[in-house]
Amino acid sequence: MDYFLTEEQQMIRDLARQIAEEKIVPVRAELDEKNEYPWEVIKTLAQSDMIGLFIPEEYGGLGKGCLELCIAVEELSRACVGISTTYAANALGTYPILLFGTDEQKKKYLPDIAAGKRLVAFGLTEANAGSDAGGIQTTAKLEGNEYVLNGTKQWITNGGE
């Protein structure tokens, strides 16, 4: 097994590192101090196709895998773990659509996610469970054609400003 990055993976790493150094480092303290969402950074990531890195080409992404996504997350984390969490949570919330979504759902949501026009929120943490997925108490019950959600979350990554 070859443990070195491929040329393409190195290019992804270098692009993520460049974005981190040029677009994140100069604003990270200000974003933190003002408690602002990094919309301009997200826009840059979208324009560079990094948001859709792991989304299949048929839905407007680059069709890469988890390793390439992890390479990008690692490089963004070097500059700001908050922004890399935003980026990674978007991917984490997208994977259920990729794995279990209907064709209709994939066609509806994935192109906009890949283009950065739509971000995916991720809510796990609860007061009595922390981030233990096995301990969460929130439920989703199918009633007719709709799901009824009941529960309380501590925060939802990418859930709003």
> Looking at Glu8, is it at pLDDT 95 or above and exposed (fewer than 13 other Cβ atoms within 10 Å of the Cβ)?
Replying inline: yes
> Quick one: which of Glu40, Glu21, Glu74 is modelled with pLDDT of 95 or more and farther than 20 Å from Thr157 by Cβ?
Replying inline: Glu21
>> Considering only residues that are touching a residue at least 40 places away in the same chain (Cβ under 8 Å) and of a type in the set (Val, Ile, Thr), which ones fall in the range 1-38?
In response: Ile12, Ile19, Ile24, Val25
> Which residue pairs have Cβ atoms under 8 Å apart, sit 6 or more places apart or on different chains, and have a first residue in the range 64-90 that is in the same structural domain as Val41 (by TED's automatic domain parsing) and of a type in the set (Lys, Arg) and a second that is modelled with pLDDT under 95 and part of a helix (DSSP H, G or I)?
Replying inline: none
>> Among (1) of a type outside the set (Ser, Thr, Tyr); (2) in a helix (DSSP H, G or I); (3) modelled with pLDDT under 95, there is one condition Glu104 misses while meeting the rest; what is its number?
In response: (3)
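The values are calculated or read from the model by the stated rules, or taken from the named source; none is laboratory data. All values derive from a computational prediction rather than experimental measurement. Don't worry about glycine lacking a Cβ; one is built from the backbone with ideal geometry, like all the others, and counts go over all protein chains shown.
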